[in-house]
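Here is the structure we will look at, set down as structure tokens.
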Amino acid sequence: MASRQDALEAPEYPDDLPFYDGRPVAIASWGWLAVVAAVPLAFFILSVSGPVASTQAAALLPTFLFAGLPLAALALAAGRHWTALFRPYGPKAFGVSLLFALATLAVSGVVALALQILVPMQPNPILAALAQMGAAETALFFARTIVQLVGEEVATILPLLAILWFAHERLGLSRRVGLALGIVLSTVWFSAMHLPTYDWNPLQCFGIIGSSRLVLTAAYVLTRNLWVSAGAHILNDWSLFVLSLAIPDEA
């Protein structure tokens with residue numbers, strides 16, 4: 001029988017969600033605090049740097065920090081086991097990402113149709129800016145959004161896991177209850193991150209953006225692979241970007 005040390009030295013992809021119950025490694029309270037603190041810090045850096053960045057190239061550093069700072073905090077807390085957040089990503093996983101991307105578009109589209117009866121929806125200013133970019137700047141924009149959207153997944157899933165850990169380990173709640181709390185609170189956080197983009201429209205952010213977030217979170221929870229939810233997120237947003245370029249009058 002393999003010893004506990006042997007198990008810790010072998011690469012692991014837990015069948016369950018990682019970290020909340022000490023697998024593949026237990027994260028101390030200070031580690032979770034560092035992870036949770038890194039998320040809003042990274043978002044703050046992105047928020048204050050993005051609007052003043054004159055080019056897509058200038059926006060690269062805050063974008064990489066947005067994705068990288070929380071992952072660095074996780075690596076500090078979990079050591080080499082930080083990679084348990086990810087799993088191998090091949091054609092089958094890409095297919096799952098595609099299915100979740102289509103589900104995200106469908107769900108958010110239905111919610112948008114329902115909510116626009118109640119309140120006007122704000123356009124995404126990124127789409128208007130995208131229409132004014134040259135070919136090279138557009139290509140860099142699409143490349144940069146890969147990093148940013150991975151960062152948005154990291155900034156959502158890490159708080160979810162932190163809440164699940166706190167509910168399970170510190171409050172003694174069941175996994176189901178802890179997961180439900182994590183999903184709800186991380187969805188609220190993700191939706192709130194989009195408030196400045198959509199002119200502080202709460203129905204748009206907590207309704208449309210929140211509904212799409214629930215689908216993307218399901219992609220991670222069901223596969224335990226952040227690459228899958230990130231892939232779905234990228235495919236979803238890229239489809240909207242491409243559509244805005246193809247039909248500029250609708251952007």
#### Entry: Cα-based Rg / Dmax (Å) for the range 85-160
16.0, 43
### Message
Using only the alpha-carbon atoms, how far is helix 210-223 inclined from the longest principal axis of the chain? Give it as 0 to 90 degrees, nearest 10.
### Response
40
## Note on the structure
Accessible-area order for E137, E153, E169, largest to smallest, probe 1.4 angstrom, reads E169, E137, E153
### Query
What number, in percent, do you get for the relative contact order of the range 156-243 if the mean sequence gap of Cα pairs under 8 Å and at least 6 apart is divided by its residue count?
20
### From phi via Karplus (6.51, -1.76, 1.60), per-residue ³J(HN,Hα) for the range 133-142 in Hz, x at Gly/Pro
7, x, 4, 5, 5, 5, 4, 5, 4, 4
### Task
Could you provide, to the nearest whole Å², the per residue accessible area of the chain with probe 1.4 Å?
50
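Against the empirical 2.2 N^0.38 Å scaling, what ratio does the C-alpha Rg of the range 57-127 come to?
1.63
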### Query
Given the convex hull of the Cα atoms of the range 102-250, what is a quarter of its surface area in nm²?
9.4
### Query
In terms of modelled amide H atoms, which long-range or inter-chain residues lie less than 5 Å from the amide H of D21?
none
#### Entry: Pairwise FRET efficiency - V110 versus V184, Cβ, R0 = 22 Å, nearest 0.05
0.60
### Query
Where is the GNM fluctuation largest for the chain (alpha-carbon springs, 10 angstrom cutoff): A58, A42, A26?
A58
### Task
Taking all pairs of distinct Cα atoms, average 1/r, flip it, and tell me the Kirkwood hydrodynamic radius of the range 28-148 in Å to one decimal place.
17.5
### Task
Give the distance, in whole Å, between the Cα centre of the range 65-140 and the Cα centre of the range 196-243.
5
### Message
Report the Cα-based extents of the range 193-251 along its three principal axes, largest first, to the nearest Å.
### Response
39, 28, 14
### Query
What Kirkwood hydrodynamic radius do you get for the chain when you take the inverse of the mean 1/r over all pairs of distinct Cα atoms, in Å?
19.1
### Query
Counting only protein heavy atoms, what percent of the accessible surface of the chain is carbon or sulfur at a 1.4 Å probe?
71
### Message
With an 8 Å Cα cut-off and a minimum separation of 6 or more residues, compute the relative contact order for the chain in percent.
### Response
28
### Query
Which value at 222 nm does the chain reach when only helices count, each DSSP H run of 4 or more adding -39,500 (n - 2.57), with the total divided by all residues and rounded to the nearest 500 deg cm²/dmol?
-22000 deg cm²/dmol
### Task
Let me know the charge dipole size of the chain about its Cα centre in debye, to the nearest 20, where only the beta-carbon of Lys, Arg (+1) and Asp, Glu (-1) is charged.
440
### Query
In degrees between 0 and 90, to the nearest 10, how far off the longest principal axis of the chain does helix 60-78 point, with axes built from Cα atoms?
10
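The values are calculated or read from the model by the stated rules, or taken from the named source; none is laboratory data. In this text the structure is predicted, and so the values were computed from the model without any measurement. Using ideal geometry, Cβ is built from the backbone for each residue, glycine included, and neighbour counts are taken over all protein chains shown. The area values use the complete protein model at the heavy-atom level, side chains included, leaving out ligands, DNA and RNA. Shrake-Rupley method; radii C 1.70, N 1.55, O 1.52, S 1.80 Å.
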